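One structure below.
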Amino acid sequence: MNPFEMLKDLGSLKEQLQKAQEELSTIRVTGTSGGNMVAVTLNGKFEMVDIQLDPICVDNRDVPMLQDLIRSAHHAAIEKAQEAIKGRLGPMVGGLNIPGLNV
């Protein structure tokens, strides 16, 4: 292959990766647990951007239950984020090995 064509392809790949990064920051997904008592919202970079707690689940006597609900909601949000990323960026990043994202 012509080295100049490879450089051209690398430039195109760099543009696609920049676009993908921008797309990831716009994705918002929410995972819930405990019958929607706990809701965790993540962006496409798996950063937690919001957490909502129903006041009924805030009981000083049962903090471990609340911790479990938060972990569960966070896990549900991660799964939704992975699916959203696959849906939006799957064709663009197909064939690339991205940890946590089996495209």
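The stretch between Asp62 and Lys86, if pulled fully straight at 0.36 nm per residue, gains 4.9 nm over its current Cα-Cα span. Taking a Cβ cut-off of under 13 Å around Glu23, the surrounding Lys, Arg, Asp and Glu residues balance to a net charge of +3, with basic ones at +1 and acidic ones at -1.
No value in this document is a laboratory result; all are computed from the given coordinates. Values in this document were obtained by computation on a predicted structure and should not be read as measured data. Glycine also receives a Cβ, built like all others from the backbone with ideal geometry; neighbour counts cover every protein chain displayed.
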